[in-house]
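K.L.:
Below is the structure I would like to discuss, written out as structure tokens.
The values are calculated or read from the model by the stated rules, or taken from the named source; none is laboratory data. On a predicted model such as this, the values are computed, not experimentally measured, just so you know. Note that each Cβ is placed from the backbone with ideal geometry, even for glycine, and that neighbours are counted across all protein chains shown.
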Amino acid sequence: MNNSLTRTVRLLGAGLRALLVLTLVTGVIYPLVVTGIAQGLFSNQANGSEIKADGKVVGSSLIGQSYNLPLKKGQTTPEPDLKWFQGRPQNGLGTNSVNTRYRLILSGATNRAADNKDLIDWVTAAKKAVVRDNSTADYTVRASDVPADAVTSSGSGLDPDISPQYADLQVHRIAERNGLSVARVRKLVVEHTEGRTLGFLGEPRVNVLELNIALKDLVAKG
């Protein structure tokens, strides 16, 4: 009986020591080491890829933002503020989603087939809006000029980037609304166009938040 009790106590002691060691290694040492490496080598990514303007964090380079006018009385859907570059459509989860305005609760795609009537209606309406909003007194946008990313949301519904083609399509409108020359605005787009990752992954892209921050600075300079 005494031998059995002694063995049990020994086993319990060994189990408790193993628990304490594993807790220390996996719950304290490992997280501290990983956090230290992340902060030392990848500080920007580890802290959320923050973008700052005027000394303040204004967003993340990984999450899209909306650029809309304040809601007017009786409005349920905000109108885009057309003095800014606009990102991709924000209905990544559909019109009844909690994520229709980049709210960081859920993300996802519409999961609708290409022949789905709702999707066709959304794309058709979005294309008409892009043509209307980006045509100016001396520049007319044709429906054939509108790239796919201007009228479709991304797989997450939170895409922070647009294609160089969509950014360029907005140049004339941005120039007109902000009293700038087309050449200066187009130069801004070129300067903020990123190539494919490692030269072959993905597509060229323009981060909308970074572009709009640069636009704000350009407007301030006159």
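K.L.:
Quick one: would you say residue 196 is surrounded by 13 or more Cβ atoms within 10 Å (Cβ to Cβ) and of a type in the set (D, E, K, R)?
P.N.:
Working: surrounded by 13 or more Cβ atoms within 10 Å (Cβ to Cβ): no; of a type in the set (D, E, K, R): yes.
It is false that residue 196 is surrounded by 13 or more Cβ atoms within 10 Å (Cβ to Cβ) and of a type in the set (D, E, K, R).
K.L.:
Moving on to the next point. Among the candidates 38, 53, single out the residue that is within 22 Å of residue 205 (Cβ to Cβ) and either touching a residue at least 24 places away in the same chain (Cβ under 8 Å) or not polar (S, T, N, Q) (or both). Steps first, please.
P.N.:
Numbers: 38 fails: within 22 Å of residue 205 (Cβ to Cβ).
Testing whether each residue is within 22 Å of residue 205 (Cβ to Cβ) and either touching a residue at least 24 places away in the same chain (Cβ under 8 Å) or not polar (S, T, N, Q) (or both) leaves just 53.
K.L.:
For the range 29-52, what are the residues that are under 17 Å from residue 160 (Cα atoms) and modelled with pLDDT of 90 or more?
P.N.:
Within the range 29-52, none qualify.
K.L.:
Additional query: Report every pair of residues separated by at least 6 positions or lying on different chains whose Cβ atoms are under 9 Å apart, first residue within the range 1-16 and among the small types (Gly, Ala, Ser) and outside any helix (DSSP H, G or I), second at pLDDT 85 or above and surrounded by 10 or more Cβ atoms within 10 Å (Cβ to Cβ).
P.N.:
Between residues of the range 1-16 that are among the small types (Gly, Ala, Ser) and outside any helix (DSSP H, G or I) and residues that are at pLDDT 85 or above and surrounded by 10 or more Cβ atoms within 10 Å (Cβ to Cβ), there is no close pair.
K.L.:
So residue 146 fits all but one of (1) touching a residue at least 24 places away in the same chain (Cβ under 8 Å); (2) over 25 Å from residue 52 (Cα atoms); (3) in contact with a helix residue (DSSP H, G or I) (Cβ under 6 Å, 6 or more places away or on another chain); what number is the exception?
P.N.:
With (1) touching a residue at least 24 places away in the same chain (Cβ under 8 Å); (2) over 25 Å from residue 52 (Cα atoms); (3) in contact with a helix residue (DSSP H, G or I) (Cβ under 6 Å, 6 or more places away or on another chain) applied to residue 146, the lone miss is (1).
K.L.:
Residue pairs, Cβ under 7 Å, 6 or more apart or interchain, first in the range 202-218 and within 11 Å of residue 65 (Cβ to Cβ) and without any contact (Cβ under 8 Å) to a residue 12 or more places away in the chain, second of a type in the set (Lys, Arg) and assigned to a helix (DSSP H, G or I). List them.
P.N.:
Once the first residue is within 11 Å of residue 65 (Cβ to Cβ) and without any contact (Cβ under 8 Å) to a residue 12 or more places away in the chain and sits in the range 202-218, no partner that is of a type in the set (Lys, Arg) and assigned to a helix (DSSP H, G or I) comes close enough.
K.L.:
List every residue pair whose Cβ atoms lie under 8 Å apart, where the two residues are 6 or more positions apart in sequence or sit on different chains, the first residue falls within the range 170-198 and is assigned by TED's automatic domain parsing to the domain that holds residue 82 and farther than 19 Å from residue 146 by Cβ, and the second residue, located anywhere, is outside any helix (DSSP H, G or I) and of a type in the set (S, T, N, Q).
P.N.:
192/207; 194/207
K.L.:
With (1) charged (D, E, K, R); (2) under 30 Å from residue 213 (Cβ atoms); (3) not assigned by TED's automatic domain parsing to the domain that holds residue 174 as the list, and residue 10 as the residue in question, which single condition is left unmet?
P.N.:
Of the numbered conditions (1) charged (D, E, K, R); (2) under 30 Å from residue 213 (Cβ atoms); (3) not assigned by TED's automatic domain parsing to the domain that holds residue 174, the odd one out for residue 10 is (2).
K.L.:
I would also like to ask the following. Please identify the pairs in which a residue from the range 120-139 that is in the same structural domain as residue 83 (by TED's automatic domain parsing) has its Cβ atom under 7 Å from the Cβ atom of a residue that is surrounded by 15 or more Cβ atoms within 10 Å (Cβ to Cβ) and among the acidic types (Asp, Glu), counting only partners at least 6 apart or on another chain.
P.N.:
Every condition considered, the pairs that remain are 136/176.
K.L.:
Inside the range 163-201, can you point out the residues that are over 26 Å from residue 128 (Cβ atoms), of a type outside the set (A, V, I, L, M) and over 22 Å from the mean Cα position of the chain (by Cα)?
P.N.:
Once the filter is applied, which keeps residues that are over 26 Å from residue 128 (Cβ atoms), of a type outside the set (A, V, I, L, M) and over 22 Å from the mean Cα position of the chain (by Cα), the range 163-201 yields 179, 181, 184, 187.
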